[in-house]
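Undergrad: Before we start, here is the structure in question, set down as structure tokens.
The numbers here are math on the coordinates, done by the rules we state, and not lab data. From a predicted model like this one, the values you see are computed outputs, not experimental measurements. Don't worry about glycine lacking a Cβ; one is built from the backbone with ideal geometry, like all the others, and counts go over all protein chains shown.
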């Protein structure tokens, strides 16, 4: 596992020990960043169920200003912190050892917004729809932002959640699919 592109391209990242997490493969990571925009001019990223922190670190390497990493597992948080040290992004990161729902609730009403929100729960998507509602109701996504939902290929996520609209679905295997959401255009 490595940083695919940007200022830290090629830097090797550690995986979380054990089988509780499954890192997004380099191939899938490269593809999803090609879809959402290969490089960014600032903005913040929110990496829910961060695992090793690979998606948030990739966003930083490609030009995001700051990334928030959320994982409730101690081994994951330790791995994220090690990967932030290796990539020298410690000053551009905040790491929470909490569950994703609690952190989203903390951000609700805070005025905090994100250009990229990654939701990659381990092997299930039960929380996706509820989290999409929380993100939409509390305007946690910038107007030009994208929510990236990695989920099992058997799961069907809604076409629209409030103003959040599914803009693309990319199936990577019989196991992994990624759905992309952004705010629907209000232009008539």
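Undergrad: Here is a list of conditions, (1) assigned to a strand (DSSP E or B); (2) over 14 Å from the mean Cα position of the chain (by Cα); (3) closer than 15 Å to residue 49 by Cβ, and residue 170 meets all of them except one; can you say which number that is?
TA: Result: residue 170 passes all but (3).
Undergrad: Which one of these is buried (at least 21 other Cβ atoms within 10 Å of the Cβ) and part of a helix (DSSP H, G or I): 50, 67, 45, 59?
TA: Numbers: 50 fails: part of a helix (DSSP H, G or I); 67 fails: part of a helix (DSSP H, G or I); 45 fails: part of a helix (DSSP H, G or I).
Every option except 59 fails the conditions.
Undergrad: Could you check the range 133-167 and list, in sequence order, the residues that are under 14 Å from residue 47 (Cα atoms) and not in a strand (DSSP E or B)?
TA: Residues satisfying the conditions are 135, 140.
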